[in-house]
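Undergrad: Below: one structure in structure tokens.
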């Protein structure tokens, strides 16, 4: 087994927190003070200041959803593999959701899992890079499991319970997610990035569909052709393909 994987058994230490501002903040503090180990998972029953992508707030009712952060030692990986890790994480969440859902989910670029055209889960990966060394990744994951009422401020959320009508054990599902992460991370450890990219693109939300986006305050329409290994979304506009980086465009539908 590659040395990198030996130090990163996700969930071998599964730490449950009754309440915390943000599991990513908590994990980051432990990494920075040297007390965290690769593979540690911090699960929170409640987050008082949960965070999503682009500094958005993550809302979750206490005890009803999966809110966790996993610490991954990434020093053995090239610094340009960061979005591959994002892909591995998204595929793992999708596999968990599809196992229990009565409907298939899709991965909405760059960091969301969608079901019924509604957001079921989100990812926030924060990296610690020193010089040219990618030292750690904090993999933050939020999955709507049992929550059925959401704040009006949220844009089209959905939970596993809303889809299936069943209540689920969030701790059991969180630990199952850790197992899926461990399995799928082997693709990264084994340098099988092409397999990850292929699987990710096969599950991409609105693939080959004509979608409206916003770029620099202007709307445009293009066909989603896929994502490249740098994590850029490839959109065909008229007869030309263009690549857009994370955060540079906004989905309008």
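The values are calculated or read from the model by the stated rules, or taken from the named source; none is laboratory data. Just so it is clear, the model here is predicted, and its values are computed rather than measured. Virtual Cβ from ideal backbone geometry, glycine too; neighbours counted across all protein chains shown.
Undergrad: Could you tell me which numbered condition residue 234 fails, if it satisfies all but one of (1) in a loop (DSSP other than H, G, I, E, B); (2) without any contact (Cβ under 8 Å) to a residue 40 or more places away in the chain?
TA: Answer for residue 234: the failing condition is (1).
Undergrad: Which ones in the range 193-223 are part of a strand (DSSP E or B) and either touching a residue at least 40 places away in the same chain (Cβ under 8 Å) or on the phi > 0 side of the Ramachandran plot (or both)? Break it down into steps so the answer makes sense when it comes.
TA: First, pick out the residues of the range 193-223 that are part of a strand (DSSP E or B): 204, 210-215, 218-223.
Of everything in the range 193-223, those that are part of a strand (DSSP E or B) and either touching a residue at least 40 places away in the same chain (Cβ under 8 Å) or on the phi > 0 side of the Ramachandran plot (or both) turn out to be 204, 211, 212.
Undergrad: Here is a further query. Run down 122, 140, 226 and say which single residue is assigned to a strand (DSSP E or B) and at pLDDT below 95.
TA: Working: 140 fails: at pLDDT below 95; 226 fails: at pLDDT below 95.
When all the criteria are applied, what remains is 122.
Undergrad: Being without any contact (Cβ under 8 Å) to a residue 60 or more places away in the chain, buried (at least 18 other Cβ atoms within 10 Å of the Cβ), in contact with a strand residue (DSSP E or B) (Cβ under 9 Å, 6 or more places away or on another chain) and assigned by TED's automatic domain parsing to the domain that holds residue 85 is the requirement here; does residue 158 meet it?
TA: yes
Undergrad: State the number of residues belonging to the range 148-160 that are assigned to a loop (DSSP other than H, G, I, E, B) and touching a helix residue (DSSP H, G or I) at 6+ places or on another chain (Cβ under 7 Å). Full working, then the answer.
TA: Of the residues in the range 148-160, the ones assigned to a loop (DSSP other than H, G, I, E, B) are 148-156, 158-159.
Now narrow it down to the ones that are touching a helix residue (DSSP H, G or I) at 6+ places or on another chain (Cβ under 7 Å): 148.
Count: 1.
Undergrad: When only residues in the range 74-90 that are surrounded by 18 or more Cβ atoms within 10 Å (Cβ to Cβ) and out of contact with any strand residue (DSSP E or B) (no Cβ under 7 Å at 6 or more places or on another chain) count, which is nearest to residue 118 (Cα to Cα)?
TA: Ranking the qualifying residues of the range 74-90, first place goes to 87.
Undergrad: Is the range 51-61 home to any residue that is more than 26 Å from residue 17 (Cβ to Cβ) and in the same structural domain as residue 18 (by TED's automatic domain parsing)?
TA: no
Undergrad: For the range 161-182, enumerate the residues that are out of contact with any helix residue (DSSP H, G or I) (no Cβ under 7 Å at 6 or more places or on another chain) and either touching a residue at least 60 places away in the same chain (Cβ under 8 Å) or not in a helix (DSSP H, G or I) (or both). Walk me through how you get there before you give the answer.
TA: Residues of the range 161-182 out of contact with any helix residue (DSSP H, G or I) (no Cβ under 7 Å at 6 or more places or on another chain): 161-163, 165-166, 169-172, 174-175, 178-179, 182.
Residues satisfying the conditions are 163, 165, 166, 169, 170, 171, 174, 175, 178, 179, 182.
Undergrad: Can you pull out the residues in the range 91-113 that are surrounded by fewer than 20 Cβ atoms within 10 Å (Cβ to Cβ) and within 19 Å of residue 175 (Cα to Cα)?
TA: If the condition is that a residue be surrounded by fewer than 20 Cβ atoms within 10 Å (Cβ to Cβ) and within 19 Å of residue 175 (Cα to Cα), then 95, 98, 99, 100, 101 are the ones that fit.
Undergrad: May I ask you to list the residues in the range 125-137 that are free of Cβ contacts under 8 Å to residues at least 40 places away in the same chain and part of a strand (DSSP E or B)?
TA: The one that is free of Cβ contacts under 8 Å to residues at least 40 places away in the same chain and part of a strand (DSSP E or B): 130.
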